[in-house]
Amino acid sequence: MSKLKILIIDDSQSNLFSLEALIDEHLDDVEILQADSGKLALEILQQNTVDVIILDIQMPEMDGFQTAKLIREQENTKNVPIIFITAAYDSDEFEKKKIEIKMMDYLTKPFEPEKLINILNKIAQK
C-alpha cells in the first residue's frame, strides 16, 4: 500500500494543527498537506496529487462549497473524495450539496475522532 496523501483545508491554524496531530497519531504512512484558504488549496492541487481532501465549510472569501465546486471542475481532482467538517449544519442544504458536489461524507464539530479515522482507513484500503 502506498502512502495516503491528505489535503486539509481550514482557515483556522489550530484546526489544521489538531487534524494533522489526530491523523498522525492514528494512521501510519500518511503525507499531509495543509491550506488555510480555498485559493491556496487550488494552487496546491495544481502541483500535487492527493487521495482525499478534508475541507472546512466556513471560511472567508471562498467557502468550502465553492472550493469543492472548483475542485470538481478540474480533471485531475474531479474524483478525489472530499470530507466536509463543519460547525454549522443544515441537513437540507447538505443533502442538496452532497449530490451536487459528490461529497463523500461530512462530520459536524465537535466530531468523534474515530469516525474520521475510520473514513480515512477505508480510503487507504482502496
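The values are calculated or read from the model by the stated rules, or taken from the named source; none is laboratory data. Note that this is a predicted model, so its numbers are computed, not measured. Here Cβ is always computed from backbone atoms with ideal geometry, including for glycine, and neighbour counts include all displayed protein chains.
Y106 is checked against (1) at pLDDT below 75; (2) part of a loop (DSSP other than H, G, I, E, B); (3) surrounded by 11 or more Cβ atoms within 10 Å (Cβ to Cβ) and fails just one. What number does that condition carry? Only one criterion in (1) at pLDDT below 75; (2) part of a loop (DSSP other than H, G, I, E, B); (3) surrounded by 11 or more Cβ atoms within 10 Å (Cβ to Cβ) is unmet by Y106, namely (2).
Consider D63 carefully, then state whether it is surrounded by fewer than 21 Cβ atoms within 10 Å (Cβ to Cβ), over 23 Å from K122 (Cα atoms) and not aromatic (F, W, Y). Here the answer is yes, as D63 does meet what is asked.
For the range 76-96, the candidate set comprises residues that are at pLDDT below 75 and small (G, A, S); within that set, the residue that is farthest from the chain's Cα centre (by Cα) is S91. Go through the range 13-32 and give me each residue that's assigned to a helix (DSSP H, G or I) and in contact (Cβ under 8 Å) with a residue 12 or more places away in the chain. Across the range 13-32, the qualifying residues are Q13, N15, L16, L19, E20, L22, I23, H26. Of all residues in the range 38-54, those that are within 14 Å of D10 (Cβ to Cβ) and part of a helix (DSSP H, G or I) have Cβ atoms under 6 Å from Cβ atoms of residues that are of a type in the set (A, V, I, L, M) and modelled with pLDDT under 95, 6 or more apart or on another chain, in G38/M62. When the residues of the range 1-54 are filtered to those that are among the charged types (D, E, K, R) and touching a Leu at 6+ places or on another chain (Cβ under 6 Å), the one that is farthest from T77 (Cα to Cα) is D10. Anything in the range 58-73 that is free of Cβ contacts under 8 Å to residues at least 40 places away in the same chain, of a type in the set (A, V, I, L, M) and not in a helix (DSSP H, G or I)? List them, or say none. Once the filter is applied, which keeps residues that are free of Cβ contacts under 8 Å to residues at least 40 places away in the same chain, of a type in the set (A, V, I, L, M) and not in a helix (DSSP H, G or I), the range 58-73 yields only M62.
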